[in-house]
Amino acid sequence: MNSIYENIIASKAEGKKLLAVLIDPDKMLIVNVKQFITKVNLSIATHIFVGGSEVGEGLTEKLVFEIKKHTQLPVVLFPGDIIQITNKADGILFLSLISGRNPDYLIGKHVQAVSKLKDTQLQILPTGYILIENGKQTAVERVSCTEPIKRSDLKHLVETAKAGELLGLKLIYLEAGSGATHAIEAHIIQKVKEELNIPLIVGGGIRTKNVLDATYKAGADVVVIGTAFEENESFFNEIKNHENIY
Ligand code: 1GP
């Protein structure tokens with residue numbers, strides 16, 4: 001156990017909802033970090049996730065170093081590849097892409113990551129990552145060469161999440177893909193939530209406060225939002241009045 005995970009567990013027990021702002025090192029210029037993080041600090045965000053499907057070598061470390069200068073929030077790597085691992089962050093989602101059948105993303109990259117992780121103090125969060133189809137091909141799908149699970153295949157989706165829990169993974173992440181045209185529907189989140197005992201992360205395509213509220217209400221313990229903040233920083237203000245309706 002580590003403190004980031006303990007805090008997620010404690011928040012889940014109290015019904016306190018968590019929000020991770022996702023920053024893609026490919027899209028965020030270092031010169032803009034200070035003003036962006038100032039907004040994050042003033043918002044309801046509880047975590048900062050850093051990562052992307054295709055990030056150039058060294059960019060993640062520079063970005064995390066800059067972010068850490070301006071915030072006390074935990075910074076968690078959400079890596080698309082082992083080159084994004086850096087000791088400058090606080091933790092890492094150690095993702096196994098359990099919706100897919102590509103051995104590299106199920107276990108191969110993880111084996112390669114061990115020697116890098118040994119030299120870090122990163123808190124490791126073993127996470128079952130489930131990609132859900134979204135009407136168009138996502139970057140994760142393309143890079144990992146895997147098929148997402150169809151929204152209509154609810155039984156398979158729920159059983160995939162449960163299998164992840166039974167394997168000992170500590171978190172399940174339902175992913176519609178960055179910039180998804182439609183977020184994961186409440187009934188899907190509810191069904192997965194009903195079967196799980198471990199915390200549930202949901203992300204992809206959440207762009208309005210109504211959808212954010214619905215995602216929490218359906219059972220997400222942590223919501224991840226990237227694109228909505230990238231495109232429109234005033235979204236931080238729109239979600240300010242966090243209703244305690246969950
Ligand atoms: C992507 O779930 C995250 O991995 C966030 O998605 O960029 O659509 O908010 P958005």
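So residue 106 ticks every box in (1) free of Cβ contacts under 8 Å to residues at least 12 places away in the same chain; (2) within 18 Å of residue 218 (Cβ to Cβ) but one. Which box is left unticked?
(2)
Across region 79-90, which residue is nearest to the ligand (Cβ to nearest atom) among those that are open to solvent by 40 Å² or more (accessible area, probe 1.4 Å) and out of contact with any Asp or Glu (no Cβ under 6 Å at 6 or more places or on another chain)? Walk me through how you get there before you give the answer.
Here is the first cut: in region 79-90, the ones open to solvent by 40 Å² or more (accessible area, probe 1.4 Å) are 81, 83, 87-88, 90.
When the remaining residues are screened for being out of contact with any Asp or Glu (no Cβ under 6 Å at 6 or more places or on another chain), the result is 81, 87, 90.
Working: 81: 14, 87: 23, 90: 19 Å.
The qualifying residue nearest to the ligand (Cβ to nearest atom) is 81.
Can you work out which of the residues in region 49-61 that are of a type outside the set (Ser, Thr, Tyr) and outside any loop (DSSP other than H, G, I, E, B) is farthest from the ligand (Cβ to nearest atom)?
Just the residues of region 49-61 that are of a type outside the set (Ser, Thr, Tyr), to begin with: 49-52, 54-59, 61.
Okay, now just the ones that are also outside any loop (DSSP other than H, G, I, E, B), so 49-50, 59, 61.
Details: 49: 8, 50: 11, 59: 17, 61: 20 Å.
My answer is 61.
Are any of the residues in region 118-127 more than 16 Å from the ligand (Cβ to nearest atom), closer than 20 Å to residue 144 by Cβ and open to solvent by 20 Å² or more (accessible area, probe 1.4 Å)? Spell out the reasoning first.
Residues of region 118-127 that are more than 16 Å from the ligand (Cβ to nearest atom), as a first pass: 118-124, 126.
With the extra rule that they be closer than 20 Å to residue 144 by Cβ, the set shrinks to 126.
So of that shortlist, the ones also open to solvent by 20 Å² or more (accessible area, probe 1.4 Å) come out as 126.
Yes, region 118-127 contains a residue that is more than 16 Å from the ligand (Cβ to nearest atom), closer than 20 Å to residue 144 by Cβ and open to solvent by 20 Å² or more (accessible area, probe 1.4 Å).
Any idea which of 76, 64, 21 is away from the ligand (no atom under 15 Å from the Cβ) and either closer than 16 Å to residue 226 by Cβ or not in a helix (DSSP H, G or I) (or both)? Lay out the reasoning, then the answer.
Values: 76 fails: away from the ligand (no atom under 15 Å from the Cβ); 21 fails: away from the ligand (no atom under 15 Å from the Cβ).
None of the other options fit; the residue is 64.
Restricting the search to region 207-217, which residues are touching a helix residue (DSSP H, G or I) at 6+ places or on another chain (Cβ under 7 Å) and open to solvent by less than 10 Å² (accessible area, probe 1.4 Å)?
215
Would you confirm whether any residue within region 65-75 is closer than 27 Å to residue 167 by Cβ and open to solvent by less than 30 Å² (accessible area, probe 1.4 Å)?
Taking region 65-75 first, the residues closer than 27 Å to residue 167 by Cβ are 74-75.
Next cut, open to solvent by less than 30 Å² (accessible area, probe 1.4 Å) only: 75.
Taking every residue of region 65-75 in turn, at least one turns out to be closer than 27 Å to residue 167 by Cβ and open to solvent by less than 30 Å² (accessible area, probe 1.4 Å).
With respect to the numbered conditions (1) open to solvent by 10 Å² or more (accessible area, probe 1.4 Å); (2) in a helix (DSSP H, G or I); (3) more than 22 Å from residue 201 (Cα to Cα); (4) away from the ligand (no atom under 16 Å from the Cβ), which one is the sole condition not fulfilled by residue 33?
Result: residue 33 passes all but (1).
Enumerate the pairs (first residue in region 194-219 and over 18 Å from residue 179 (Cα atoms); second residue anywhere and open to solvent by less than 60 Å² (accessible area, probe 1.4 Å) and among the charged types (D, E, K, R)) with beta-carbon separation below 6 Å, excluding pairs fewer than 6 apart on the same chain, so at least 6 apart or on different chains.
195/162; 196/165; 198/165; 199/221; 200/193; 200/221; 216/17; 219/193
Could you tell me whether region 223-235 includes any residue that is touching a Lys or Arg at 6+ places or on another chain (Cβ under 8 Å), assigned to a loop (DSSP other than H, G, I, E, B), under 23 Å from residue 76 (Cα atoms) and within 9 Å of the ligand (Cβ to nearest atom)?
Scanning region 223-235, I find no residue that is touching a Lys or Arg at 6+ places or on another chain (Cβ under 8 Å), assigned to a loop (DSSP other than H, G, I, E, B), under 23 Å from residue 76 (Cα atoms) and within 9 Å of the ligand (Cβ to nearest atom), so the answer is no.
The values are calculated or read from the model by the stated rules, or taken from the named source; none is laboratory data. Not measured: the values here are computed from a predicted model. In this analysis, Cβ positions are derived from the backbone assuming ideal geometry, glycine residues included, and neighbour counts consider all displayed protein chains. SASA here: full protein model, heavy atoms, side chains in, ligands and nucleic acids out. Shrake-Rupley method; radii C 1.70, N 1.55, O 1.52, S 1.80 Å.
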